[in-house]
Amino acid sequence: MTKTSFSIAERLKQTRPGLPRSVSLPRVDQVEVKQRKKVVDVDNISLDPDVVKKLRRWIMGVAIGEPSLFLSFEFDLDHGPVVDAIVPPLFFLPSESNNIAFSAFPDSPQFDQGSQCHSFCLREQLSSAYDTKRPATIDGYIYGFSHFTQKRDKASKRGYLQRSVVILTQHQYPAFFTSLVHIFGPLFLEHGSPMLEAACHNIATWSDPKPGETLELGFLGMVINVEIPHTIDQFQLTETSSFNEKYDPKLHVLASSAPFFPPPLLLFESCLSNLWSIWECLVLCEPLLIFGQSAAQTSQAVWWLRDLLRPIPLAGDIRPYFTLQDNDHATLVNRLPPKAGLILGVTNPFFEKSCSHWPHVLSLGSRKGGSPNVRPSASPLAGPNGNSAGPAPGWKTKTHRRYISKDHTLLKELESAIRGNDRQKLRASFALRRHFCSRTADLIAPLARYLNTLIPSPHEVAEARSSKECLRLKPFSHTSFFVSLKKNGCTLPFKSTAKRVQFYERWLKSPSFGVWLAHQESIVQTILNTPVNLTTTPTLS
């Protein structure tokens, strides 16, 4: 054990003797790794402290920094995936390194030779409170964006050379970091450590990001135009993006959206008519198991579904790509009912049996087989019908009955686009995204209307300030809300009035609504307690 790891382990024992095993020392079942020759030589990479500081500050967001790390992995036949290098250096517990390494490699690549990009999310086990050199995370999770490559190699015992390059960050900016690793991965695998050093210096020259800014970033000879959202819960629309030209998905990046390539519509080809039910389950914080043929499929789909919830804050745990080796496997996958709002992206057939009691399973792709998220140079390694092992593509639910009517006009457009070219598929994907953005806005409109009646009037504000009382929203009343809903109606096309009442009754009891309401109350309280003269009542939208 190194001096650094020893000091941290001792500090954990001394400062928190009752710390749970899952967030303290590594599990005893870990195998000691023998000394092996590093594939990537990073000893000659020179990064000044100022460069590292700028790199970490920019990559990790505006106010709170956690470094974006470039990691190189190689699959070792004796030890499994191993971390080959970390730049800039950062300490991870052995269990964390093991978790990252396994998540960087897909369970079963759907190609003989080729590459793919995917992402994953890991719960942090060692916080910055126990290592001053380890930056804090925003939400307790580390987000990874991996570029995986597989090539035939006669010198390897497996017959293949498998390598992954991963960017780690604490930001939920899937479109941006996927674009970044898509550029960096192939160049790094071709040129090695010089390209890694150049990438770090490039990022260090970027201006500090600020919420709502649109930036032009130079990176390894290319330019990335990216729009940073005002908040993580902002829905970034292509039509209202702040680029100084018409939005082009090949030139512009909406940081918090899901990657747009390949067209996301392809992921849901087998369940287009079920998308309205899936959206309802998302809103109601129902747990979803997302089964895909590749890690690239599941990660793109999970980020896409998370995007459809905006501006409703995320109330559950999401894992774009989840493996059997994840430290949270026993917590998230067991015989108990799955946690509310949990969205799990998996590819291993084992999950079909271990999650057989889950109420909803979405299996991605086309019933004709094939995975659109990989770039193979040979035929995919697939099952009898072109699909990998696991449930057949489609949507299966044991409990959900739809409340809202489908948009049959849009459904026909989607079914037509599936048979069209890539441009038509992408256009239909944007139309689908706009549609559910509109539905989410229609969902919260009656609530925003009711909350506006709970905001103190200017007269009440003046009186409260004169007596130095803290201003806040009046208490939310379920009964009063349903009276308002009955009187003013709702633009969502519910199948019946009874269905509308049932849906809102369920949503008001969900963790999703609780998080959304707390956020609205915080906004109003901040405005009301700001020392300015209010002549009108603030409103929520």
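Quick check: anything in region 427-435 in contact with a Pro (Cβ under 6 Å, 6 or more places away or on another chain) and either open to solvent by less than 40 Å² (accessible area, probe 1.4 Å) or at negative phi (or both)? It would help to see each step written out before you state the result.
To start, the set of residues in region 427-435 that are in contact with a Pro (Cβ under 6 Å, 6 or more places away or on another chain) comprises 429.
Checking the rest, the ones that are also either open to solvent by less than 40 Å² (accessible area, probe 1.4 Å) or at negative phi (or both) come to 429.
Yes: region 427-435 contains one or more residues that are in contact with a Pro (Cβ under 6 Å, 6 or more places away or on another chain) and either open to solvent by less than 40 Å² (accessible area, probe 1.4 Å) or at negative phi (or both).
Look through Ser484, Ser512, Ser466, Ser480 and report the one residue that is polar (S, T, N, Q), farther than 20 Å from Phe268 by Cα and touching a Cys at 6+ places or on another chain (Cβ under 7 Å). Give the derivation first.
Values: Ser484 fails: touching a Cys at 6+ places or on another chain (Cβ under 7 Å); Ser466 fails: touching a Cys at 6+ places or on another chain (Cβ under 7 Å); Ser480 fails: touching a Cys at 6+ places or on another chain (Cβ under 7 Å).
From the options Ser484, Ser512, Ser466, Ser480, the qualifying one is Ser512.
Name the single residue, out of those in region 448-493 being part of a loop (DSSP other than H, G, I, E, B) and among the aliphatic types (A, V, I, L, M), that is modelled with the lowest pLDDT. Spell out how you get there, then give the answer.
Kept after step one, since they are part of a loop (DSSP other than H, G, I, E, B), are these residues of region 448-493: 453-457, 467-477, 489-493.
Going one step further and asking which of them are among the aliphatic types (A, V, I, L, M), we end up with 454-455, 471, 473, 492.
Values: Leu454: 93, Ile455: 88, Leu471: 80, Leu473: 87, Leu492: 97.
Ranking the qualifying residues of region 448-493, first place goes to Leu471.
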- Which condition does Pro211 not pass, out of (1) modelled with pLDDT under 95; (2) surrounded by 17 or more Cβ atoms within 10 Å (Cβ to Cβ); (3) in contact with a Ser or Thr (Cβ under 8 Å, 6 or more places away or on another chain), if it passes all the others? (2)
- Message: Among (1) surrounded by 16 or more Cβ atoms within 10 Å (Cβ to Cβ); (2) over 22 Å from Gln234 (Cα atoms); (3) at pLDDT below 95, there is one condition Arg500 misses while meeting the rest; what is its number?
- Response: (3)
- Which of the residues belonging to region 210-241 are within 16 Å of Tyr173 (Cβ to Cβ), of a type in the set (Ser, Thr, Tyr) and either part of a strand (DSSP E or B) or more than 20 Å from the chain's Cα centre (by Cα) (or both)? Thr214, Ser241
- Query: Since Gly140 meets every condition but one in (1) modelled with pLDDT under 85; (2) on the phi > 0 side of the Ramachandran plot, which condition does it not meet?
  - Reply: (1)
- Query: Quick one: would you say Pro393 is over 22 Å from Ile312 (Cα atoms) and in contact with a Gly (Cβ under 8 Å, 6 or more places away or on another chain)?
  - Reply: yes
- Message: Can you pull out every residue in region 276-285 that is assigned to a helix (DSSP H, G or I), in contact with a helix residue (DSSP H, G or I) (Cβ under 8 Å, 6 or more places away or on another chain) and of a type outside the set (Val, Ile, Thr)?
- Response: Trp279, Glu280, Leu282
- Item | Residue check, Glu197 among the charged types (D, E, K, R) and not assigned by the TED database to the domain that holds Gln113 | no
- Task: List every residue pair whose Cβ atoms lie under 6 Å apart, where the two residues are 6 or more positions apart in sequence or sit on different chains, the first residue falls within region 114-126 and is under 15 Å from Gln293 (Cα atoms), and the second residue, located anywhere, is among the small types (Gly, Ala, Ser) and open to solvent by less than 10 Å² (accessible area, probe 1.4 Å).
- Result: Gln116/Ala296; His118/Ser146; His118/Ala295; His118/Ala296; His118/Ser299; Ser119/Ser299
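For Leu272, state whether it is among the aliphatic types (A, V, I, L, M) and assigned to a strand (DSSP E or B). Outline the logic, then answer.
Values: among the aliphatic types (A, V, I, L, M): yes; assigned to a strand (DSSP E or B): no.
Criteria not met by Leu272.
A quick yes/no check of all residues on (1) open to solvent by less than 10 Å² (accessible area, probe 1.4 Å); (2) over 16 Å from the mean Cα position of the chain (by Cα):
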{"site": "Leu266", "(1), (2)": "no, yes"}
{"site": "Trp276", "(1), (2)": "yes, yes"}
{"site": "Trp279", "(1), (2)": "yes, yes"}
{"site": "Leu288", "(1), (2)": "yes, no"}
{"site": "Ala295", "(1), (2)": "yes, no"}
{"site": "Thr298", "(1), (2)": "yes, no"}
{"site": "Ala301", "(1), (2)": "yes, no"}
{"site": "Arg306", "(1), (2)": "yes, no"}
- Kindly indicate whether any position in region 253-262 is surrounded by 12 or more Cβ atoms within 10 Å (Cβ to Cβ) and not in a loop (DSSP other than H, G, I, E, B). yes
- Message: Show the residue pairs meeting these rules: Cβ distance below 6 Å; 6+ apart or different chains; first residue within region 160-178 and in the same structural domain as Phe145 (by the TED database); second residue among the acidic types (Asp, Glu) and open to solvent by less than 10 Å² (accessible area, probe 1.4 Å).
- Response: Gln170/Glu66
- Message: Whether any residue in region 462-473 is of a type in the set (A, V, I, L, M), under 27 Å from the mean Cα position of the chain (by Cα), surrounded by 18 or more Cβ atoms within 10 Å (Cβ to Cβ) and on the phi < 0 side of the Ramachandran plot is what I want to check.
- Response: no
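The values are calculated or read from the model by the stated rules, or taken from the named source; none is laboratory data. In this text, all values refer to a predicted model and were calculated from it rather than measured experimentally. Ideal geometry is used to build each Cβ from the backbone, glycine not excepted, and the neighbour counts take in all protein chains shown. Calculation scope for accessible area: heavy atoms of the full protein, side chains included, ligands and nucleic acids excluded. Shrake-Rupley method; radii C 1.70, N 1.55, O 1.52, S 1.80 Å.
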